[in-house]
Amino acid sequence: MGEFQKYGIGQQDFRNLIEEDCIYVDKTRYIETILNSGSKYYFLARPRRFGKSLFLSTLQYFFEGRRELFKGLYIDSVEALWETHPVLRLDLNKERYATPGKLEDVLDKIFRNWEETYGVERLDNNLPQRFEAIIEKAHSSSGKRVVILVDEYDKPLVGNINDEKTFEHYRMALASLYSNFKSNAEHIRLVFLTGVSRFSRLSVFSELNNLSDITFDNRFADVCGITDKEVLENLKPGIARLAKTLDVSFDCALMKLKKNYDGYRFT
(Lines give C-alpha, C1' and ligand atoms only; values in the text may rest on other atoms or scores of the structure.)
Protein backbone atom coordinates (compact mmCIF):
# COMPACT_ATOMS: atom_id res chain seq x y z
CA MET A 1 0.00 0.00 0.00
CA GLY A 2 1.43 3.34 -1.01
CA GLU A 3 2.23 6.33 1.12
CA PHE A 4 -0.86 8.24 0.07
CA GLN A 5 -4.21 6.69 0.91
CA LYS A 6 -7.72 7.73 0.00
CA TYR A 7 -10.20 7.91 2.85
CA GLY A 8 -13.87 7.54 1.98
CA ILE A 9 -15.08 10.09 4.52
CA GLY A 10 -18.82 9.64 4.98
CA GLN A 11 -18.92 6.96 2.29
CA GLN A 12 -21.52 4.30 3.05
CA ASP A 13 -21.46 2.34 -0.20
CA PHE A 14 -19.07 -0.60 -0.39
CA ARG A 15 -18.89 -0.59 -4.18
CA ASN A 16 -17.91 3.08 -4.31
CA LEU A 17 -15.16 2.57 -1.73
CA ILE A 18 -13.67 -0.30 -3.71
CA GLU A 19 -14.03 1.25 -7.16
CA GLU A 20 -12.60 4.57 -5.97
CA ASP A 21 -9.64 2.73 -4.38
CA CYS A 22 -10.37 4.04 -0.88
CA ILE A 23 -9.19 2.41 2.31
CA TYR A 24 -11.50 -0.45 3.33
CA VAL A 25 -10.93 -2.26 6.62
CA ASP A 26 -11.87 -5.85 5.82
CA LYS A 27 -14.93 -6.91 7.81
CA THR A 28 -15.99 -9.65 5.40
CA ARG A 29 -15.06 -12.47 7.78
CA TYR A 30 -18.28 -11.61 9.59
CA ILE A 31 -20.25 -12.70 6.54
CA GLU A 32 -18.88 -16.19 7.07
CA THR A 33 -19.73 -16.03 10.78
CA ILE A 34 -23.30 -15.00 9.98
CA LEU A 35 -23.84 -17.66 7.34
CA ASN A 36 -22.38 -20.45 9.48
CA SER A 37 -24.20 -19.54 12.69
CA GLY A 38 -27.48 -21.25 11.84
CA SER A 39 -29.58 -18.17 12.61
CA LYS A 40 -31.76 -16.41 10.02
CA TYR A 41 -32.64 -13.15 11.80
CA TYR A 42 -30.04 -10.67 13.09
CA PHE A 43 -30.25 -7.35 14.90
CA LEU A 44 -27.35 -4.95 15.54
CA ALA A 45 -27.45 -1.65 17.43
CA ARG A 46 -24.57 0.82 17.15
CA PRO A 47 -24.22 4.64 17.43
CA ARG A 48 -24.80 6.75 14.35
CA ARG A 49 -21.92 7.20 11.91
CA PHE A 50 -20.38 3.95 13.08
CA GLY A 51 -20.38 1.94 9.84
CA LYS A 52 -23.71 0.09 10.06
CA SER A 53 -24.82 1.21 6.61
CA LEU A 54 -21.46 0.28 5.11
CA PHE A 55 -21.72 -3.22 6.55
CA LEU A 56 -25.24 -3.62 5.14
CA SER A 57 -23.94 -2.42 1.79
CA THR A 58 -21.18 -5.04 1.98
CA LEU A 59 -23.79 -7.73 2.67
CA GLN A 60 -25.89 -6.47 -0.24
CA TYR A 61 -23.12 -6.74 -2.83
CA PHE A 62 -22.02 -10.12 -1.48
CA PHE A 63 -25.49 -11.64 -1.81
CA GLU A 64 -25.93 -10.03 -5.23
CA GLY A 65 -22.87 -12.00 -6.32
CA ARG A 66 -20.64 -9.00 -7.10
CA ARG A 67 -17.54 -11.03 -6.44
CA GLU A 68 -15.24 -8.77 -8.45
CA LEU A 69 -15.64 -6.16 -5.69
CA PHE A 70 -14.29 -8.55 -3.06
CA LYS A 71 -11.03 -9.49 -4.76
CA GLY A 72 -8.30 -9.84 -2.13
CA LEU A 73 -10.73 -9.67 0.79
CA TYR A 74 -11.28 -12.53 3.21
CA ILE A 75 -14.65 -13.68 1.90
CA ASP A 76 -13.28 -14.07 -1.64
CA SER A 77 -11.27 -17.06 -0.39
CA VAL A 78 -14.33 -18.91 0.96
CA GLU A 79 -15.62 -20.52 -2.23
CA ALA A 80 -18.47 -22.49 -0.68
CA LEU A 81 -20.34 -19.39 0.55
CA TRP A 82 -20.84 -17.67 -2.79
CA GLU A 83 -24.46 -17.96 -3.87
CA THR A 84 -26.55 -15.18 -5.41
CA HIS A 85 -29.84 -14.19 -3.80
CA PRO A 86 -32.41 -11.46 -4.46
CA VAL A 87 -31.76 -8.60 -2.03
CA LEU A 88 -34.38 -6.23 -0.63
CA ARG A 89 -32.67 -3.34 1.16
CA LEU A 90 -34.96 -1.07 3.14
CA ASP A 91 -33.27 2.22 4.09
CA LEU A 92 -35.29 4.18 6.65
CA ASN A 93 -32.51 6.63 7.46
CA LYS A 94 -33.22 9.26 4.81
CA GLU A 95 -36.31 10.93 6.32
CA ARG A 96 -37.21 12.63 9.62
CA TYR A 97 -40.73 11.15 10.10
CA ALA A 98 -41.96 14.28 11.85
CA THR A 99 -45.62 13.51 11.14
CA PRO A 100 -47.75 10.37 10.74
CA GLY A 101 -47.88 9.22 7.13
CA LYS A 102 -44.26 9.94 6.18
CA LEU A 103 -43.22 6.33 6.68
CA GLU A 104 -46.05 5.20 4.43
CA ASP A 105 -44.83 7.55 1.69
CA VAL A 106 -41.28 6.24 1.98
CA LEU A 107 -42.38 2.61 1.87
CA ASP A 108 -44.73 3.21 -1.06
CA LYS A 109 -41.88 4.63 -3.14
CA ILE A 110 -39.55 1.75 -2.30
CA PHE A 111 -42.22 -0.89 -2.89
CA ARG A 112 -43.16 0.57 -6.27
CA ASN A 113 -39.58 0.05 -7.45
CA TRP A 114 -39.52 -3.52 -6.18
CA GLU A 115 -42.94 -4.29 -7.70
CA GLU A 116 -41.67 -3.09 -11.06
CA THR A 117 -38.43 -5.06 -10.72
CA TYR A 118 -40.14 -8.36 -9.88
CA GLY A 119 -43.36 -7.90 -11.85
CA VAL A 120 -45.68 -7.80 -8.84
CA GLU A 121 -49.26 -6.75 -9.53
CA ARG A 122 -50.41 -4.39 -6.77
CA LEU A 123 -53.99 -5.30 -5.84
CA ASP A 124 -54.38 -2.76 -3.04
CA ASN A 125 -52.30 -0.28 -1.06
CA ASN A 126 -51.92 -2.35 2.12
CA LEU A 127 -48.18 -1.97 2.72
CA PRO A 128 -47.56 -5.16 4.75
CA GLN A 129 -49.44 -7.20 2.12
CA ARG A 130 -47.48 -5.52 -0.67
CA PHE A 131 -44.25 -6.38 1.14
CA GLU A 132 -45.39 -9.99 1.48
CA ALA A 133 -46.20 -10.21 -2.24
CA ILE A 134 -42.79 -8.77 -3.15
CA ILE A 135 -40.96 -11.28 -0.95
CA GLU A 136 -42.89 -14.20 -2.41
CA LYS A 137 -42.40 -13.08 -6.02
CA ALA A 138 -38.70 -12.33 -5.57
CA HIS A 139 -38.26 -15.89 -4.33
CA SER A 140 -40.40 -17.57 -6.98
CA SER A 141 -38.95 -15.61 -9.91
CA SER A 142 -35.32 -16.21 -8.93
CA GLY A 143 -35.55 -19.63 -7.33
CA LYS A 144 -33.48 -18.29 -4.45
CA ARG A 145 -34.69 -17.22 -1.03
CA VAL A 146 -34.65 -13.51 -0.29
CA VAL A 147 -32.15 -11.50 1.75
CA ILE A 148 -33.74 -8.53 3.56
CA LEU A 149 -31.55 -5.73 4.90
CA VAL A 150 -33.13 -2.97 7.00
CA ASP A 151 -31.04 0.12 7.70
CA GLU A 152 -32.05 2.12 10.81
CA TYR A 153 -35.17 0.08 11.52
CA ASP A 154 -35.99 2.43 14.42
CA LYS A 155 -35.57 5.85 12.77
CA PRO A 156 -39.33 6.65 12.80
CA LEU A 157 -39.46 5.72 16.51
CA VAL A 158 -36.33 7.48 17.74
CA GLY A 159 -37.43 10.75 16.16
CA ASN A 160 -40.78 10.63 17.93
CA ILE A 161 -39.88 9.27 21.34
CA ASN A 162 -41.42 12.35 23.01
CA ASP A 163 -44.57 12.31 20.87
CA GLU A 164 -46.64 9.44 22.21
CA LYS A 165 -49.30 9.50 19.49
CA THR A 166 -46.91 9.60 16.54
CA PHE A 167 -44.59 7.10 18.21
CA GLU A 168 -47.42 4.62 18.65
CA HIS A 169 -48.58 5.15 15.07
CA TYR A 170 -45.15 4.24 13.75
CA ARG A 171 -44.65 1.42 16.23
CA MET A 172 -47.79 -0.30 15.03
CA ALA A 173 -46.93 0.33 11.37
CA LEU A 174 -43.45 -1.12 11.75
CA ALA A 175 -44.66 -4.09 13.79
CA SER A 176 -47.14 -4.93 11.05
CA LEU A 177 -44.50 -4.56 8.36
CA TYR A 178 -41.86 -6.60 10.18
CA SER A 179 -44.34 -9.39 10.96
CA ASN A 180 -43.61 -10.56 7.41
CA PHE A 181 -40.22 -11.80 8.57
CA LYS A 182 -41.89 -14.64 10.48
CA SER A 183 -44.91 -15.29 8.29
CA ASN A 184 -42.77 -15.52 5.15
CA ALA A 185 -39.90 -17.49 6.66
CA GLU A 186 -39.95 -20.09 3.88
CA HIS A 187 -39.10 -17.37 1.34
CA ILE A 188 -36.29 -15.77 3.38
CA ARG A 189 -32.59 -16.64 3.51
CA LEU A 190 -31.50 -13.85 5.88
CA VAL A 191 -32.81 -10.76 7.65
CA PHE A 192 -30.32 -8.25 9.05
CA LEU A 193 -31.55 -5.11 10.81
CA THR A 194 -29.57 -2.20 12.22
CA GLY A 195 -30.53 0.70 14.45
CA VAL A 196 -29.31 2.98 17.22
CA SER A 197 -31.63 1.66 19.93
CA ARG A 198 -32.79 -1.56 21.47
CA PHE A 199 -35.68 -0.06 23.44
CA SER A 200 -38.41 -1.02 20.99
CA ARG A 201 -37.06 -4.39 19.93
CA LEU A 202 -39.64 -6.46 21.78
CA SER A 203 -42.59 -4.22 20.95
CA VAL A 204 -41.76 -4.08 17.24
CA PHE A 205 -40.57 -7.68 16.84
CA SER A 206 -42.92 -9.34 19.32
CA GLU A 207 -43.77 -12.11 16.83
CA LEU A 208 -40.13 -12.80 15.99
CA ASN A 209 -38.99 -14.84 18.98
CA ASN A 210 -35.82 -16.15 17.33
CA LEU A 211 -34.20 -12.79 16.57
CA SER A 212 -30.44 -12.91 17.25
CA ASP A 213 -29.42 -9.66 18.95
CA ILE A 214 -25.66 -9.43 18.32
CA THR A 215 -25.26 -5.94 19.79
CA PHE A 216 -23.14 -7.19 22.69
CA ASP A 217 -22.20 -10.57 21.26
CA ASN A 218 -18.43 -11.07 21.67
CA ARG A 219 -18.19 -12.63 18.20
CA PHE A 220 -19.34 -9.37 16.61
CA ALA A 221 -17.71 -6.82 18.92
CA ASP A 222 -15.74 -5.17 16.09
CA VAL A 223 -18.11 -5.78 13.17
CA CYS A 224 -18.28 -1.97 12.91
CA GLY A 225 -15.67 0.59 13.82
CA ILE A 226 -11.90 0.12 13.69
CA THR A 227 -9.79 -1.61 16.35
CA ASP A 228 -6.25 -0.69 17.43
CA LYS A 229 -4.92 -3.62 15.41
CA GLU A 230 -6.86 -2.59 12.30
CA VAL A 231 -5.62 0.99 12.60
CA LEU A 232 -2.00 -0.18 12.58
CA GLU A 233 -2.59 -2.69 9.78
CA ASN A 234 -4.40 -0.26 7.47
CA LEU A 235 -3.56 3.34 8.36
CA LYS A 236 0.15 3.55 9.14
CA PRO A 237 0.98 5.91 6.22
CA GLY A 238 -1.73 8.33 7.30
CA ILE A 239 -0.62 8.27 10.92
CA ALA A 240 2.95 8.89 9.81
CA ARG A 241 1.84 11.94 7.80
CA LEU A 242 -0.16 13.20 10.79
CA ALA A 243 2.91 12.82 13.00
CA LYS A 244 5.01 14.76 10.51
CA THR A 245 2.40 17.53 10.24
CA LEU A 246 2.15 17.85 14.04
CA ASP A 247 5.91 17.47 14.46
CA VAL A 248 5.48 14.64 16.94
CA SER A 249 6.48 10.98 17.05
CA PHE A 250 4.39 8.25 15.43
CA ASP A 251 3.39 6.90 18.85
CA CYS A 252 2.39 10.39 20.01
CA ALA A 253 0.20 10.87 16.93
CA LEU A 254 -1.38 7.48 17.57
CA MET A 255 -2.14 8.46 21.15
CA LYS A 256 -3.75 11.70 19.99
CA LEU A 257 -6.04 9.67 17.72
CA LYS A 258 -6.95 7.36 20.60
CA LYS A 259 -7.69 10.32 22.87
CA ASN A 260 -10.10 11.78 20.30
CA TYR A 261 -11.79 8.65 18.98
CA ASP A 262 -11.29 5.73 21.35
CA GLY A 263 -13.57 4.60 24.15
CA TYR A 264 -16.29 2.49 22.55
CA ARG A 265 -16.49 -1.08 23.80
CA PHE A 266 -19.01 -3.75 22.81
CA THR A 267 -17.62 -6.79 24.62
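The values are calculated or read from the model by the stated rules, or taken from the named source; none is laboratory data. This structure is a prediction, so every number in the text was calculated from the model and none was measured. Cβ sites come from the backbone with ideal geometry, for glycine too, and all protein chains shown count toward neighbours. Please note that ligands, DNA and RNA were not included when accessible areas were found on the heavy atoms of the full protein model with its side chains. Shrake-Rupley method; radii C 1.70, N 1.55, O 1.52, S 1.80 Å.
What shape does segment 81-230 have by the C-alpha gyration tensor, where a ≥ b ≥ c are the square roots of the eigenvalues, rounded means a/c under 1.5, and otherwise prolate means a/b greater than b/c and oblate the rest? Oblate. The three principal axes of the Cα atoms in segment 65-126 give end-to-end lengths of 47, 30, 15 Å, sorted in falling order. Using only the alpha-carbon atoms, how far is helix 236-246 inclined from the longest principal axis of the chain? Give it as 0 to 90 degrees, nearest 10. The two axes meet at around 60 degrees. Counting only protein heavy atoms and using a 1.4 Å probe, the accessible area of LYS258 comes to about 60 Å².
Using amide H atoms built 1.01 Å from N in the peptide plane, name the residues 5+ places from PHE43, or on other chains, whose amide H lies under 5 Å from its own. So PHE43 has HN proximity to LEU193, SER212, ASP213, ILE214. Modelled spin-label separation between LYS102 and ARG265, with each label point placed 7 Å from Cα along the Cα-to-Cβ direction: 3.7 nm. Of LEU123, LEU208, LEU54, the residue with the greatest mean-square motion in the GNM of the chain, using alpha carbon springs below 10 Å, is LEU123. The lysines within cross-link reach of LYS229, meaning a Cα-to-Cα straight distance under 18 Å and a gap of 8 or more places when in the same chain, are LYS27, LYS256, LYS258, LYS259.
Against the criterion of solvent-accessible heavy-atom surface with a 1.4 angstrom probe, THR58, THR33 sort, most first, into THR33, THR58. Taken over the C-alpha atoms, segment 104-151 has Rg and Dmax values of 10.4, 30 angstrom.
In the chain, the DSSP-assigned H stretches of four residues or longer account for a calculated mean residue ellipticity at 222 nm of -12500 deg cm²/dmol, using -39500 (n - 2.57) per stretch and the full residue count as denominator.
You can think of it this way: the chain between PHE216 and LEU81 has 46.1 nm of extra reach, that is 0.36 nm per residue less the Cα-Cα gap.
Placing pseudo-labels 7 Å out from each Cα toward the beta carbon at ASN209 and GLU116 gives an inter-label distance of 4.2 nm.
Surface listing: LYS229, LYS94, LYS144 arranged by accessible area from highest to lowest gives LYS94, LYS229, LYS144, probe 1.4 Å.
Structure remark: mean-square fluctuation, Gaussian network model of the chain, C-alpha springs under 10 Å; the largest value among ARG122, ARG241, ARG198 belongs to ARG241.
Rg/Rh for the chain (Cα atoms only, Rh after Kirkwood) is 1.00.
Normalised size of segment 1-89, defined as Cα radius of gyration per 2.2 N^0.38 Å with N residues, equals 1.12.
The Cβ shell under 10 Å around LYS144 holds other residues with a net charge of +1, Lys and Arg each +1, Asp and Glu each -1.
Comparing THR194, THR99, THR117 in a Gaussian network model of the chain (Cα springs below 10 Å), the most mobile by mean-square fluctuation is THR117. In units of the compact-protein estimate 2.2 N^0.38 Å, segment 147-248 shows a Cα radius of gyration of 1.54. Counting only protein heavy atoms and using a 1.4 Å probe, the accessible area of SER142 comes to about 60 Å². PHE63 sits among other residues whose Cβ lies under 12 Å from its own Cβ, and their net charge, with Lys and Arg +1 and Asp and Glu -1, is +4.
In the chain, the longest principal axis of the Cα atoms and the axis of helix 102-118 are about 90 degrees apart.
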